[in-house]
Amino acid sequence: MRTILLLLSLAAVGHSQSAVSAPLRPDSAKTPGATMAVTVQDICTPGYTKKVRSVPIAVRREVFDSYGITTHAPGEYEIDHLIPLEDGGSNSIRNLWPESFLTSPWNAHVKDKLENKLHREVCDGILDIVIAQRDIAADWIAAYQKYFGRALPPPPRPR
């Protein structure tokens with residue numbers, strides 16, 4: 001019984017270490033961000049991202065490899081567009097990075113909220129698309145803090 005508990009504890013520690021070591025920000029040398037030649041009208045058309053989303057499995061593997069992530073649990077990461085498709089980002093490997101769902105407080109769920117806010121503001125004419133792209137590519141966490149006016153995201157709601 002002790003052996004089983006020890007193995008479970010080691011597995012839990014190994015899993016949490018993988019989440020802790022996950023990059024919170026993409027490496028700017030590997031993922032500087034890249035955009036497509038689109039207009040605000042293009043990205044604000046419902047269904048736009050479904051038409052342009054295309055990242056082959058081989059490219060996804062290449063992204064994980066470039067960040068040194070050799071193993072991961074299902075649902076631990078997403079291959080994320082640094083500049084989101086909904087804000088004119090491209091499917092280029094220069095715009096992709098492995099973003100963790102498990103890190104706290106900064107993770108894929110939080111970045112998704114920023115992406116949605118930037119998209120709304122661009123489509124509402126409040127924010128210039130080039131500024132939205134520049135801010136999120138430069139430092140998505142700083143962009144979150146700027147656009148939401150808070151140092152940290154609110155804690156997740158209990159399920």
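Here, each number is a calculation from the coordinates, and none is a lab measurement. These figures come from a predicted structure and were not determined experimentally. Cβ placement follows ideal geometry from the backbone for every residue including glycine, while neighbour counts extend to all protein chains displayed.
Numbers below:
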| item | result |
| --- | --- |
| Mean Kyte hydropathy of -0.5 or more with a Cα span along the axis of at least 20 Å, helices from DSSP in the chain | 2-20 |
| Global form of region 16-159, assessed from the alpha-carbon gyration tensor, a/c cut-off 1.5 | oblate |
| Net charge dipole size for region 2-148 [Lys, Arg +1 and Asp, Glu -1 on Cβ; Debye, nearest 20] | 300 |
| GNM result for the chain, Cα springs below 10 Å: residue of Ala108, Ala142, Ala58 fluctuating most strongly | Ala58 |
| DSSP-loop trypsin sites (Lys or Arg not before Pro) across region 30-82, with at most 12 other Cβ within 10 angstrom | Arg53 |
| Met36 paired with Tyr48, simple spin-label distance in nm, labels 7 Å along Cα-to-beta-carbon | 1.0 |
| Subset of Lys30/Lys117; Lys111/Lys146; Lys117/Lys146; Lys30/Lys50 violating a 20 Å alpha-carbon distance limit | Lys30/Lys117; Lys30/Lys50 |
